[in-house]
Protein chains: 2
Amino acid sequence: MTNPSRPGRLSVEQYVAGTLARDRYVLSRAITLVESQLPADQALAAQVIGAVLPHTGRGIRLGITGVPGVGKSTFIEAFGHLVVAQGHRLAVLAVDPTSQVSGGSILGDKTRMETLSRHPEAYIRPSPAGSSLGGVSRKTREALLLCEAAGFDVVVVETVGVGQSETAVSQMTDFFLLLMLAGAGDELQGIKKGIMEMADAVAINKADGENLAKAKTARVEYQNALHLFPPAPTGWQPPVLTCSAATGQGLPQIWETVQQHHQQLAANGWLAQKRQAQNLAWLHDLIRQRLEGQFYQHPAVQHQLPTLQQAVVQGQMHAATAAQALLQAFAGE
Amino acid sequence: MTNPSRPGRLSVEQYVAGTLARDRYVLSRAITLVESQLPADQALAAQVIGAVLPHTGRGIRLGITGVPGVGKSTFIEAFGHLVVAQGHRLAVLAVDPTSQVSGGSILGDKTRMETLSRHPEAYIRPSPAGSSLGGVSRKTREALLLCEAAGFDVVVVETVGVGQSETAVSQMTDFFLLLMLAGAGDELQGIKKGIMEMADAVAINKADGENLAKAKTARVEYQNALHLFPPAPTGWQPPVLTCSAATGQGLPQIWETVQQHHQQLAANGWLAQKRQAQNLAWLHDLIRQRLEGQFYQHPAVQHQLPTLQQAVVQGQMHAATAAQALLQAFAGE
């Protein structure tokens, strides 16, 4: 079942039919295709995405972030079991936090969400190594669409919570959940400024045993801090919850919050509006990425950029002069 | 004293010499030149900025923001008098909040910072009407450089505090001051999310008379909220202060805070690093603006964009397919 003209590849029809038929093997190959950097693969991938597009968008897109150590994998595993137990099909586009350093997980994929990954109604896809931006591949959005086309009605996108990837993830999900720990002092544990403000809910994880009292205190603190921000135009007020992936406490409330948010935004029209705005931003992001890609990969630009950039950084050259010179080089003048 | 080849314009040498000689009339004309949209003016302006660049960067660049009604003009007037009384020369690149609506201030420029504008060591420049982005002209950075070249060692850039302009202003200033009011409920009075996190200091204005107690309470609340964010890499912890432009209370502390911040960041190297990063971002912003300008102004792109954009927004077309079509139209394929 391979594409005769492209060894190792399926045909567009095969990718599409297999994905829509919920064939996990084809889904995985389709995600591999969209992640490929090869121009021929990208052209094929665009056709596949275009064909599955009418079969997407009916589920819940959930972004989950938190710094390493907050217990994201354990949380998602416990949370995922709860969601599939209620009859949903769950896909997780997971970040492997060690992949960029070691080229592969130290623990190995087996220990990350081990039981969830064996569940017939769950699908776990780690990010490819080196896909950068805090683990969010530029192609995560396409992977999300493929999962939806394959009948997964809850898609979780996991990010590391220390980089710029949160903005990207909040731009492709309906709900953004921030996992925190209690008792890590009076600061946001390395969470980048601005991330808390993107959250549709904050969950204080590991609220169990000796941590419970601290978690409750932290909950009040974060709730007060969130109240300082004006309410979102959607009318949604982000709650702060506590949970324990170990005991399961609080997980049903989080899932209920996510569903409540979805129903509320679907009812008042904000969900459609949010996704339309995301689609629009996606188009213009792609245009900008490709324009800049062409520009910065141009040999004449690459030749002149280091010198001009250095002069601008040092305050020796006016940025507009340098920009003009580079744009002329790009235009071949 | 006009440029024979460009009626109404001076020569590059005249703009540069006049600005460096602290001729306020020439400075104003130079700022008008950089604000001009005419390509010939922009080319002339780039030469002027390039020539004055070695004479810039020795002062303090201070961004001030706050929603309408917080008392920005009154604050800047009182604060400005304090600064010039200490032997500094102060320039204010001021926003006229009414200019975009009425095409000119309702109150008229006379009532905005009236006494400060008559001070020989102060220079006040309102933004041109319709310069958008919350009042920050794309050319505010160039105007700031011209003011520095004209010997103003403190340059204040004022923004409205309700739009995206704060990011732009924080990208061109050393210190970002957020003015707030007490007793406006438990929310940030319409301040856009993320702005508080950019602040190097928050000042609760109108802390006088019956407001004083409320201002002190608000100070504690905001101080607690700011402590939730991790400290900046510069080591600076943003303080929350109270002040009254009417009584002058608290203004010396704010000016002292600004100077302290400047000394601390100059000493630990972060000031130079911050400005170098700003220069670098400026260059790449300009490149992106011009690439996108060329793209979106291209007739073939303008012709196809509405239809393709609509299809993407509605989820009927894959964004990558639309982007590809538009880029081909742009390339004339």
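Think of a 1.4 Å ball rolled over the protein heavy atoms: the stretch B:253-333 then has 50 Å² of accessible area per residue. Averaging the sequence gap over all C-alpha pairs within less than 8 Å and six or more residues apart, then dividing by the number of residues, gives the stretch B:229-333 a relative contact order of 15 percent.
Cβ-Cβ distance of A:His284 and B:Gln273, R₀ of 30 Å, FRET efficiency by 1/(1 + (r/R0)^6): the value works out to about 0.45.
Within straight-line reach of B:Lys214, meaning a Cα separation under 20 Å, sit the following aspartates and glutamates at least 8 residues removed in sequence or on another chain: B:Asp186, B:Glu187. Counts of other chain beta carbons within 10 angstrom of each beta carbon in peptide A:284-294 average 6. The mean count of C-beta atoms from other chains within 10 Å of the C-beta of residues in A:272-283, rounded to a whole number, is 4. Here the extension length gained between B:Thr167 and B:Ala266 equals 33.4 nm, from 0.36 nm per residue of separation less the Cα-Cα distance.
Using a probe of 1.4 Å on the protein chains alone, the accessible area found for A:Asp153 is around 50 Å². For the set A:Lys72/A:Lys216; A:Lys72/A:Lys274; A:Lys139/B:Lys274; A:Lys274/B:Lys274, the pairs lying more than 23 angstrom apart at their alpha carbons are A:Lys72/A:Lys274; A:Lys139/B:Lys274; A:Lys274/B:Lys274. Chain A and chain B together bury an accessible surface of about 4900 square angstrom, both sides counted, with a 1.4 Å probe and no ligands or nucleic acids included.
Report the extension gain between B:Ala213 and B:Thr307 in nm, rounded to one decimal, defined as 0.36 nm multiplied by the number of residues separating them, less their alpha carbon distance. Full extension from B:Ala213 to B:Thr307 adds 28.1 nm. Scoring A:7-18, B:241-252 by mean Cβ neighbours within 10 Å over their residues and listing the highest first yields B:241-252, A:7-18. When each of the peptides B:75-84, B:40-49 is scored by how many other beta carbons lie within 10 Å of its residues on average, the order from highest to lowest is B:75-84, B:40-49. Under the simplified labelling scheme, the A:Ser28-A:Gln42 pair shows an inter-label distance of 2.6 nm, with each label point 7 Å from Cα along Cα→Cβ.
The values are calculated or read from the model by the stated rules, or taken from the named source; none is laboratory data. Quantities reported herein were computed from a predicted structural model and do not represent experimental measurements. Methodologically, a virtual Cβ is constructed for each residue, glycine included, from the backbone with ideal geometry; neighbour enumeration extends over all protein chains shown. These area figures cover heavy atoms from the full protein model, side chains too; ligands, DNA and RNA do not enter into them. Shrake-Rupley method; radii C 1.70, N 1.55, O 1.52, S 1.80 Å.
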